[in-house]
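Peer 1: Just passing along the structure, written as structure tokens.
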Amino acid sequence: MLVLDQKFEFRGDKVAWGRIGHGPPLVMVHGTPFSAQVWRRIAPWLASHYTVYFFDLLGYGQSTMRVGQDVSLGVQNKLFAALLKGWKLEQPSVLAHDFGGATVLRAHYLNGCKYQRLVLIDPVALAPWGSPFVQHVRKHEQAFSGLPAYAHRGLLKSYLAGAAFTPLTPEAEDIYTQPWTTEQGQAAFYRQIGQMDQKYTDEIEPLFAPPNFDVTLLWGHEDQWISYETGKRLAEKLTKGQIITVKGAGHLVQEDAPEAIVAAMLSPHD
């Protein structure tokens, strides 16, 4: 397990973060409904090459969860820009997944954040996104927040099972469900879904173009959450069509094929 033993204050909330390794900076950004622990099998391998920073997005993992909190994509990029400034990182390498991809893309295009290199794994970036389950929860957030705990746990486990191509191990399932199974966490789980809005990616999509730093795009070929075809569309906009296809992996490449991510990070690049 990664240790997030430090706190960053952001607009009155606490953001949990940690750091390991030595070398040039690499910041890892998780997606939803996960936490920094999604990098637990990857960060240690990269720590001999980089100083690896990881954190829990606002409203996720060990970071503050509270009633009335804004945890949308509209605030996560502002948090990310504030973290880079607080860590005094002017141009780090960045590794981002799912909502983390949207977060760092928004931080680049809207907040002017600069990267040495950007590696994206199945990012949320192009419409349409959001499963039928997500759309239903958005309409009935309060009803889901009030589910009996056993019903919530069953729904949560079923939802997470669709993220990976290979069934999640009991250890992985426990790691990803634990933050959301307290009374506070259950409300936070449905809060973040309730605030999912395509407008945050629509806002930056017209700005997409190959940037002046290296971008690598990985996509799980069996992704059931965001299709591989969407990945190819994004590649045309960001990487001149270049995409690393990870066979036998779903949306959660970190569980299905962590070695593919390590290999991409350690491969030579321009």
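The values are calculated or read from the model by the stated rules, or taken from the named source; none is laboratory data. Being a predicted model, the structure only gives us computed values, none of them experimental. No Cβ is skipped: glycine too gets one built from the backbone with ideal geometry, and neighbour counts run over all protein chains shown. Heads up: the accessible areas ignore ligands, DNA and RNA and are worked out on the full protein's heavy atoms, side chains in. Shrake-Rupley method; radii C 1.70, N 1.55, O 1.52, S 1.80 Å.
Peer 1: Within region 6-35, work out how many residues are open to solvent by 20 Å² or more (accessible area, probe 1.4 Å) and under 17 Å from LEU118 (Cβ atoms).
Peer 2: Qualifying residue count, region 6-35: 2.
Peer 1: Here's something else I'd like to know. Among the residues of region 169-225, count how many are aromatic (Phe, Trp, Tyr) and within 26 Å of CYS113 (Cβ to Cβ). Spell out how you get there, then give the answer.
Peer 2: Applying the first criterion (aromatic (Phe, Trp, Tyr)) to region 169-225 yields 176, 180, 189-190, 200, 208, 213, 219, 225.
So of that shortlist, the ones also within 26 Å of CYS113 (Cβ to Cβ) come out as 200, 208, 213, 219, 225.
Looking only at that region, the number is 5.
Peer 1: Shifting gears a bit: Which of the numbered conditions does TYR200 fail, given that it passes all the others? Conditions: (1) within 30 Å of GLU236 (Cβ to Cβ); (2) over 16 Å from the mean Cα position of the chain (by Cα); (3) open to solvent by 20 Å² or more (accessible area, probe 1.4 Å); (4) touching a residue at least 40 places away in the same chain (Cβ under 8 Å).
Peer 2: (2)
Peer 1: Kindly list, by first and then second residue, each pair from a residue in region 4-31 that is under 22 Å from SER72 (Cβ atoms) and free of Cβ contacts under 8 Å to residues at least 12 places away in the same chain to a residue that is part of a strand (DSSP E or B) and open to solvent by 40 Å² or more (accessible area, probe 1.4 Å), limited to pairs with Cβ atoms under 8 Å and residues at least 6 apart or on different chains.
Peer 2: Note: pairs meeting the criteria are LYS7/LYS14.
Peer 1: Then there is this: Is there any pair with a first residue in region 75-98 that is on the phi > 0 side of the Ramachandran plot and a second that is open to solvent by 10 Å² or more (accessible area, probe 1.4 Å) and of a type in the set (Val, Ile, Thr) whose Cβ atoms are under 9 Å apart and which are 6 or more apart or on different chains, and what are they?
Peer 2: ASP98/ILE226
Peer 1: For region 217-229, state whether one or more residues are at pLDDT 95 or above, open to solvent by less than 50 Å² (accessible area, probe 1.4 Å) and assigned to a helix (DSSP H, G or I).
Peer 2: Yes, because at least one residue in region 217-229 is at pLDDT 95 or above, open to solvent by less than 50 Å² (accessible area, probe 1.4 Å) and assigned to a helix (DSSP H, G or I).
Peer 1: Would you pick out the residues in region 158-193 that are assigned to a helix (DSSP H, G or I), in contact with a Leu (Cβ under 9 Å, 6 or more places away or on another chain) and without any contact (Cβ under 8 Å) to a residue 40 or more places away in the chain?
Peer 2: Those that are assigned to a helix (DSSP H, G or I), in contact with a Leu (Cβ under 9 Å, 6 or more places away or on another chain) and without any contact (Cβ under 8 Å) to a residue 40 or more places away in the chain: ALA161, GLU173, THR177.
Peer 1: Among the numbered conditions (1) at pLDDT 95 or above; (2) within 18 Å of PRO33 (Cα to Cα), tell me where GLU183 comes up short.
Peer 2: That leaves (1) as the condition not met.
Peer 1: Condition check: open to solvent by 10 Å² or more (accessible area, probe 1.4 Å) and either touching a strand residue (DSSP E or B) at 6+ places or on another chain (Cβ under 7 Å) or closer than 27 Å to VAL246 by Cβ (or both). Does THR181 satisfy that?
Peer 2: Values: open to solvent by 10 Å² or more (accessible area, probe 1.4 Å): yes; either touching a strand residue (DSSP E or B) at 6+ places or on another chain (Cβ under 7 Å) or closer than 27 Å to VAL246 by Cβ (or both): no.
Answer is no for this residue.
Peer 1: I've got another one for you. If a residue has to be in a loop (DSSP other than H, G, I, E, B), exposed (fewer than 15 other Cβ atoms within 10 Å of the Cβ) and without any contact (Cβ under 8 Å) to a residue 40 or more places away in the chain to count, how many in region 232-266 make the cut?
Peer 2: Here is the first cut: in region 232-266, the ones in a loop (DSSP other than H, G, I, E, B) are 239-243, 247-252, 257.
Still in the list and also exposed (fewer than 15 other Cβ atoms within 10 Å of the Cβ): 240-242, 247-248.
Going one step further and asking which of them are without any contact (Cβ under 8 Å) to a residue 40 or more places away in the chain, we end up with 240-242, 247.
Residues meeting the conditions: 4.
Peer 1: Can you tell me which residues in region 1-31 are part of a loop (DSSP other than H, G, I, E, B) and either under 14 Å from PHE80 (Cβ atoms) or in contact with a Lys or Arg (Cβ under 9 Å, 6 or more places away or on another chain) (or both)?
Peer 2: MET1, LEU2, ARG11, HIS30, GLY31
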